[in-house]
Amino acid sequence: MSVPKLKKESEEVIKIEKRVGEKPILFECAWEVCNQVGGIYTVIRSKVPAMVEEWGENYCLIGPYFPQTAAIEFERQDDDNSIFSETAKILRDEGFDVYYGRWLVTGRPRIILIDFHKHLEKIDSIKYELWENHNISTINCEDLVNSVLAFGDLIKKYLTLFAEKNSRKYEIVAHFHEWMASSGLPDLRLKGVNIGTVFTTHATMLGRYIAGNVNDFYEQLPYYNWEKEAREYGIEAQAGIERQSAQRCHVLTTVSDVTAKECEVFFGRVCDLILPNGLNITRFAATHEFQNLHLKYKQKINQFVMGHFFQSYSWDLDNTLYFFTSGRYEFKNKGYDLTLEALKRLNFKIVQAGIDTTVVMFMITRNPVYSIDPQVLQSRAVMEEIRQTVESIEKEIGEHLFYASASNDDAKLPDLNQFVEEYWRLRLRRTIQTWKTKTLPRTVTHLLQKPDEITEFFENSNMKNHQQDRVKFVYHPDFISPTNPLFGLEYSQFVRGCHLGVFPSYYEPWGYTPLECVVRGIPTVTSDLSGFGDFMMQLMHDYENVGVYVVNRKEKTFNEAAEQLADILFKFVTMSRRDRIRQRNRVENISDVFDWTNLRSYYDTAHDLALKKKGIGKS
């Protein structure tokens, strides 16, 4: 993987020189450090091993302290005598709840966790300083913003004290992810703290809000006034912190060229670097092993499908394809609207072509629910009763058949019905009769607190799992987990069991969901408006051949994009089994491109550039 190109500054490229002398210290600060609340948690946690490999004990993360998460992932170490722990101890002695320890993930990096709750008592003075020093308005902001400001102020205190004590011996870089960790960054620059700063926006606040509410976001992007839009959407504090962080940092970065265009408009500054996201890639020694896992987990999904659908009607599971989409519930931004429309058209195409293949589409997201639908659970439970009854009959037949075969001179297979007791025959008949129904299978697995756009689509389109439909829907408004009684799978296992991931996003600065498919050898659909799709188009010309399909949403209308996606899905449905296996092999083979050991070089360049710019600023 080549090192990324740097943006020009004063018409000259800043050259990065090889580090000499004492190795610098790197802090990585984020609300998602040891706090699993979003995609940035995956970015940071998966990157840790590669960062520890490069920085060793000079790498330290800073995140918020939440007792429930910390109890699982954090090992506090008050007796450590490192410079990181020493700074935390000084702040604790001053009355601040700052803890040092190890993050219990692969690599076991140093970590500082900050309990900001007591610091909320000083929120008014923190807000006053933000307004006085940086003209950031925090009037009538939500409670989350107050928490973020208290957290950011304590990060600033820690880094300022750390730099005062250690910057003569060590060069120091602080890398801030998103506005939720960076409210103290502008003050670090204003007060001349001797630290190189990097700010990464993974998605601009204004971009996410506006794109979800208008139909021509990208066409209108150059003409937006950031202050006017921030006021209109009630996010002046968030947008103000984000903009000031972007303008004040030494190095501004984002995750894709798509988002870089937003940064120019909303931040008034061109990004210095693009930092694409990666994962830890585990390749199997035996190349066929991931295919075996696909079969293993597909059988688990088969069990769910039988329990969910077969009480109403059945079909050939060997001629069934499992598609899925997943992510945060943003109906338009995540492309759920386009996916549903394309699937409706796909259903028509399959029926018209007289193809026997069935597609089951899983929509995995999270929306407020009361509980799992009792009828869905009941169907699954009765099917399990059928399974247990059949296994008992199977065992009884097996014992009798063995005895009959060993004792009988006749080599003919005996009548197996005579080996089944009347009790088991009656029990099986009654259980099946109890299970079978004429009602349609549910499109939603849970009882939603209120209807949403997905259920409205089912109503308006009449896509309600009719027997004649070749595309079936399972809307699961909760994330997949092993404790889920419907699947009993990890999300990663569920992905492996499917045939295709569908993510034609309208607004997606990066897009981990299609990448998670690639690294597990599952073909995927993305869009040219997602960072991942844009990156794939730059990376290779034959991306479709390796199992990454890119929907053109930059130039096509919604109707045109829906038809293109429907054609992509229909082409996939009509592929032979052998061709789909070959495609899974090809997509798994490119996964190494996205390993953090390769993509870390982008981060290395950003950190080196921050030190270089800091040095220029001092001189």
Loop-located chymotrypsin sites (Phe, Trp or Tyr not before Pro) in the range 336-432, at most 15 other Cβ atoms within 10 Å (DSSP): none
Cα Rg, Dmax, the range 406-561, angstrom units: 23.6, 77
Compactness index (Cα Rg / 2.2 N^0.38 Å), the range 420-493: 1.51
Simple spin-label estimate for residue 223 and residue 357 in nanometres, 7 Å along Cα-Cβ: 4.3
Rel. contact order, % - alpha carbon contacts under 8 angstrom, at least six apart, the chain: 16
Computed label-point distance, nm, for sites residue 577 and residue 190 using a 7 Å Cα→Cβ extension: 6.7
The range 508-567: equivalent-ellipsoid semi-axes (sqrt of 5 x gyration tensor eigenvalues, Cα, Å): 18, 12, 11
Rough spin-label spacing in nm, given labels placed 7 Å along Cα→Cβ, for residue 424 and residue 492: 4.0
Alpha-carbon centroid distance for the pair the range 185-241 / the range 542-619, whole angstrom: 25
Debye-sum result for the range 167-275 in log10 I(q)/I(0), which assumes one identical scatterer on each alpha carbon, at q = 0.19 Å⁻¹: -0.92
Integer Hz, Karplus 6.51/-1.76/1.60 couplings in order for the range 445-456, x for Gly and Pro: 7, 10, 8, 5, 5, 7, x, 10, 5, 5, 5, 5
Equivalent ellipsoid semi-axes, the range 24-79, via Cα gyration tensor eigenvalues times 5, rooted, Å: 19, 15, 9
Principal axes of the range 445-486: Cα extent on each, largest first, Å: 33, 24, 12
27 Å Cα-Cα reach of residue 228 towards lysines, excluding residues that sit fewer than 8 places from it in its own chain: 127, 261, 332, 334, 554
For the range 109-242: span of alpha carbons on each principal axis (Å, largest first): 52, 31, 29
Three principal axis lengths of the range 71-187 [C-alpha, angstrom, descending]: 41, 36, 27
Loop GluC sites (Glu not before Pro), the range 495-581, which have at most 16 other Cβ atoms in a 10 Å radius of their Cβ (DSSP): 544, 555
Debye equation applied to the C-alpha atoms of the range 201-252, log10 I(q)/I(0) at 0.23, 0.24, 0.26, 0.32 Å⁻¹: -0.91, -0.97, -1.09, -1.32
Computed over the range 473-546, Kirkwood Rh from alpha-carbon pairs, angstrom: 13.4
Long-range amide H partners of residue 329 with built H, under 5 Å: 366
The range 236-362 - Rg (one decimal) and Dmax (whole number), Cα, Å: 22.5, 62
Orientation-averaged projected area, Cα convex hull of the chain (nm²): 34.1
Kirkwood-Stokes translational diffusion coefficient of the range 98-164, alpha-carbon pairs, 10 °C, 1.306 mPa s, µm²/s: 118
Cα-based Rg and Dmax for the range 505-619, where Dmax is the largest Cα-Cα distance (Å): 17.9, 65
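Coordinate-derived values only; no laboratory data. These numbers come from a predicted model, not from an experiment. So basically every Cβ, Gly included, is an ideal-geometry build from the backbone, and we count neighbours across all protein chains shown.
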